[in-house]
Amino acid sequence: MSDDVEPFYAIALSRIAHELKGQGRSILHMEFGQPSTGAPKAALEVAHRVLDSEAMGYWESTALTERIARHYAETYGVEVAREQIVLTCGASPALVMALASSFKPGDRIAMARPGYVAYRNTVRALSMVPVEIPCGHAESFRLSAEQLAALDPAPAGVIVASPANPTGAIIPPEGLAAIAGHCRERGVKIVSDEIYHGLSYGEPAHSMLEFEPQALVINSFSKFFSMAGWRLGWLVCPPDHVARARAYMGALFLTSPSLAQHAALAAMDCREELEGHVEVYRANRALLLEALPAMGLTAIAPPDGAFYIYADIGHLTNDSLAFCERLLRDTGVATAPGVDFDPVDGRRFIRFSFAVSTAEVREALQRLGPWFAAQSPARSFAT
Ligand SMILES: Cc1ncc(COP(=O)(O)O)c(C=O)c1O
């Protein structure tokens, strides 16, 4: 096992935030990408009923895998058999399974930088080699087929994320099609992280399965479905990979939580309630996009989807971790430092999660305005 796994610095900041809260400070949690809303009502009702009536042993719900398969037909026009869907304890184990069952130690796995912290860490934990492709302002924060083509030799695999964390950038359908075509030509396996699907503010995100049926797709109930702590997700595998993926699931995790499976089946039919959360995120996003540039944060990645704003603070600091801690201690607004997502350029970025209430965003902006106005490059670089 590799010892190169780095800490998730936002967790350390969150710990400080909770300490400050314990001291009576008012804290606004914008450091993690987790909805503050909780599971849909109908899902909670089912969970209460099941708790009182079932023993809840090891189990995989056929009704849920069938429902997820129907979701692919209805949302993307893609035929997926129920058997191709393996229920997992969130997207995190789905990522472990996708990587462990498709690649071997030493394989090179490409991914965008900035990107979700667990990509490079999971790849390293499995003794594979992350190949980070810079996707900054110049690339509109989006991975492209051209960048993959520039890798020599070709990597064994690529992790594609759209909408992406930390930027929210969505790769348009033609971009996904080009990546799929390129990977097919060079024999690069695709792992597509579609955990932020359902959370988009313009055009909806497309599934990689529309362009590459051999792709492994990971998804979860943590984000759109607002059920992060229920620990439930899924992996879609091509038919010839199912037996292998199921063997890995059995060996590493057995099954996913029974209670969560019951609740998730109900959650999939709570579209209206869940779309209501998206409308709150849409309003929060608009408030931030209006206010942040006025505070000097003008270079922002395109937040097409997800619930993040990834902003360049390079005019104020070259140490985003210290900057986020100072911001937290001074204002009570907890954020995530760019170093979590980008070990090279992330020292000059900050991520705001807007998966909170609109009242909290308004309050955060009240505190951030005077704070940013008081910052000067000289002072920030000195600390
Ligand atoms: C891009 C991305 N993928 C995967 C995950 C893991 O999600 P979970 O294991 O809760 O399903 C997260 C969590 O924030 C994420 O941002």
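The values are calculated or read from the model by the stated rules, or taken from the named source; none is laboratory data. Since this is a predicted model, take the numbers as computed values, not measurements. Methodologically, a virtual Cβ is constructed for each residue, glycine included, from the backbone with ideal geometry; neighbour enumeration extends over all protein chains shown.
Structure notes:
Per-residue answers, yes or no, for (1) under 18 Å from Lys104 (Cα atoms); (2) crowded, with 24+ Cβ neighbours inside 10 Å; (3) at pLDDT below 95:
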| residue | (1), (2), (3) |
| --- | --- |
| Met208 | no, yes, no |
| Pro213 | no, no, no |
| Ser226 | no, no, no |
| Leu235 | no, yes, no |
| Ala243 | yes, no, no |
| Tyr248 | yes, no, no |
| Ala260 | no, yes, no |
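- The single residue among Ala81, Ala73, Ala55, Ala63 that is at pLDDT below 95, loosely packed, with under 15 Cβ neighbours inside 10 Å and more than 16 Å from the ligand (Cβ to nearest atom) turns out to be Ala55.
- Residue in the stretch 363-373 that is over 22 Å from Leu13 (Cα atoms) and surrounded by fewer than 16 Cβ atoms within 10 Å (Cβ to Cβ) present: yes
- Subset of the stretch 185-221 that is among the charged types (D, E, K, R) and more than 15 Å from the ligand (Cβ to nearest atom) - its residue that is nearest to Thr65 (Cα to Cα): Glu210
- Failed item, numbered, when Ile179 is tested on (1) crowded, with 24+ Cβ neighbours inside 10 Å; (2) within 16 Å of the ligand (Cβ to nearest atom); (3) among the aliphatic types (A, V, I, L, M): (2)
- Any hit, the stretch 138-149, residues being in contact (Cβ under 8 Å) with a residue 60 or more places away in the chain, hydroxyl-bearing (Ser, Thr, Tyr) and within 15 Å of the ligand (Cβ to nearest atom): no
- Contact map, the stretch 97-126: residues that are of a type in the set (Ser, Thr, Tyr) paired with residues that are part of a loop (DSSP other than H, G, I, E, B) and within 15 Å of the ligand (Cβ to nearest atom), Cβ distance under 6 Å, separation 6+ or inter-chain. Pairs shown: Tyr116/Asn165.
- Checked against the criterion of being outside any strand (DSSP E or B) and in contact with a strand residue (DSSP E or B) (Cβ under 8 Å, 6 or more places away or on another chain), the stretch 260-272 contains one or more residues that satisfy it.
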